[in-house]
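Novice: Can you read through this structure? Questions will come right after.
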Amino acid sequence: MSLVPMDDRDGWIWLDGQFTPWREARMHVLTHGLHYGSAVFEGERMYGGEIFKLTEHTERLFKSAEILDFSIPFTVAQIDEACKATCVRNNLTDCYVRPIAWRGSEVMGVSAQASKIHVAIAAWDWPSYFKPEEKAKGIRLTWARYKRPSPETAPTASKAAGLYMICTLSKHAAEREGFADAMMLDWRGYVAETTGANVFFVHDGVLHTPTPDCFLDGITRKSVMELARSKGFDIVERHIKPEELAGFTECFITGTAAEVTPVAQVGEYRFTPGNISLSLMDDFARLVRRQLQPA
């Protein structure tokens, strides 16, 4: 199947308060966000005409901008409405939505306080992040070369574009080796997350998940935890050493793109997608389509 370039598509992108033809939504090559990573973004999904946890995503976008020392020139409510309007304008009811805010091209240099803040929202069809046959049997992960940085080293509480450079490098390396993704450790050597999703492990019916103290506490992660608790599962948030993976029977990842995806392998460790992983995968699929409400 041929790849359709992201810049050569039909449709409309919401850019700085108005709709722009998809192919005309461009920025200058000297944009600060391109050179210095001064950009924040969100990844959202619309299911059946409704964007899942929309306001939570928008609020996190604004918080990320605040952490990166700039203000988005719109309100949360305005961005919420713009996200919905972008989907409508493109005749989409099941899609991926990408809001992004960045520093413009007025100033080129490390200091760019006088730069204009731009905001864009795009939406497009996007099927499952992983192939259906992969998801059913559990995906295979390798270990990432790079580690999640300390909060004293980088603004890890933000969903900032620059923080994903090591994710791209790690996922590319994993794919070249035949894996679907890579598991990242944090700067201390504890298990953190994959390149774009949080992770859960199962031992004796209890869910264990890394404490999100240097990576995002994902919106999907929190939704799945609420679902798991409504089903009576205990959840332990703690630091997890890589060698502890030998004692877990199940593993799954969560994220806007990944949704809930069982894992069959992390490096030298093997897992079998079981009742807990598969039931939460199904429950989450029903939740996002409003067929199931957490207790």
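The values are calculated or read from the model by the stated rules, or taken from the named source; none is laboratory data. Fair warning: this is a prediction, and the values are worked out from it, not measured in the lab. Ideal geometry is used to build each Cβ from the backbone, glycine not excepted, and the neighbour counts take in all protein chains shown. Side chains are part of the model used for accessible areas, which takes the heavy atoms of the whole protein and leaves out ligands, DNA and RNA. Shrake-Rupley method; radii C 1.70, N 1.55, O 1.52, S 1.80 Å.
Novice: Could you sort Ile240, Ile100 by their accessible area in this structure, using a 1.4 Å probe and putting the largest first? Each step should come with its number before you reach the end.
Specialist: Working: Ile240 0, Ile100 50 Å².
Reading off the accessible areas and sorting them downward yields Ile100, Ile240.
Novice: Modelling each spin label as a point 7 Å along the Cα-to-Cβ direction, I'd like the His28/Arg9 distance in nm, to one decimal.
Specialist: Distance between label points: 2.7 nm.
Novice: Consider a paramagnetic label point 7 Å from the Cα of Glu66 along Cα→Cβ; state which residues of the stretch 213-242 have an amide N under 13 Å from it.
Specialist: Nothing falls inside the zone, counting backbone N under 13 Å.
Novice: Using Cα-only point scatterers and the Debye equation, what is log10 of I(q)/I(0) for the stretch 149-207 at each q in 0.17, 0.26 Å⁻¹, rounded to two decimals?
Specialist: Values, matching the q order: -0.66, -1.15.
Novice: Could you tell me how far the Cα centroid of the stretch 66-125 sits from the Cα centroid of the stretch 1-56, in Å?
Specialist: So the separation of the two Cα centres works out to 8 Å.
Novice: I would also like to ask the following. Which order do Arg238, Arg45 take by accessible area at a 1.4 Å probe, largest first? Don't skip to the answer; put the middle values down first.
Specialist: Working: Arg238 60, Arg45 20 Å².
These residues rank, largest area first, as Arg238, Arg45.
Novice: Not counting ligands, DNA or RNA, and with a 1.4 Å probe, what is Val29's accessible surface area in Å² rounded to the nearest 10?
Specialist: 100
Novice: Over the stretch 37-77, what per residue volume does the convex hull of the Cα atoms give, in whole Å³? Intermediate values should be presented prior to the final figure.
Specialist: Values: hull volume 2.8 nm³, N = 41.
Per residue, the Cα convex hull of the stretch 37-77 comes to 68 Å³.
Novice: Where does the Debye-calculated log10 I(q)/I(0) of the stretch 90-235 sit at q = 0.10, 0.14, 0.21 Å⁻¹, using only Cα point scatterers of equal weight, no solvent?
Specialist: -0.47, -0.90, -1.44
Novice: Please list the equivalent ellipsoid semi-axes of the chain, computed as the square roots of five times the alpha-carbon gyration tensor eigenvalues, in descending order and whole angstrom.
Specialist: 32, 23, 18
Novice: Which helices pass in the chain if a helix is a full DSSP H run, must span at least 18 angstrom along its long axis by Cα, and must have mean Kyte-Doolittle hydropathy not below 0.5?
Specialist: Going by DSSP H runs, the hits are 275-288.
Novice: At q = 0.11, 0.12, 0.14 Å⁻¹, what log₁₀ I(q)/I(0) does a Debye calculation on the Cα points of the stretch 173-295 give, no solvent, two decimals?
Specialist: Summing over Cα pairs of the stretch 173-295 leads to -0.34, -0.40, -0.55.
Novice: Further question: What dipole magnitude, in Debye to the nearest 20, does the chain give about its Cα centre under +1 on Lys/Arg Cβ and -1 on Asp/Glu Cβ? Before the final figure, lay out the partial values.
Specialist: Working: 33 positive and 38 negative charges, 38 e Å.
I would put it at about 180 debye.
Novice: Sorting check: for 249-262, 139-152, 208-221, which peptide has the highest mean count of neighbouring beta carbons within 10 Å, and how do the rest follow?
Specialist: 249-262, 208-221, 139-152
Novice: Further question: Solvent-accessible area of His203, probe 1.4 Å, all protein chains present, reported in Å² to the nearest ten, please.
Specialist: Solvent-accessible area, nearest 10 Å²: 80 Å².
Novice: Towards the positive end of the charge dipole of the stretch 110-221, with charges on Cβ (+1 Lys, Arg; -1 Asp, Glu), say which of Ala160, Ala112, Tyr146 has the farthest Cα.
Specialist: It is Ala112, whose Cα lies furthest towards the positive end.
Novice: Follow-up question, since we're still on this one. Tell me, how many Å apart are the Cα centres for the stretch 168-189 and for the stretch 226-277?
Specialist: Using only Cα atoms to place each centre, the spacing works out to 17 Å.
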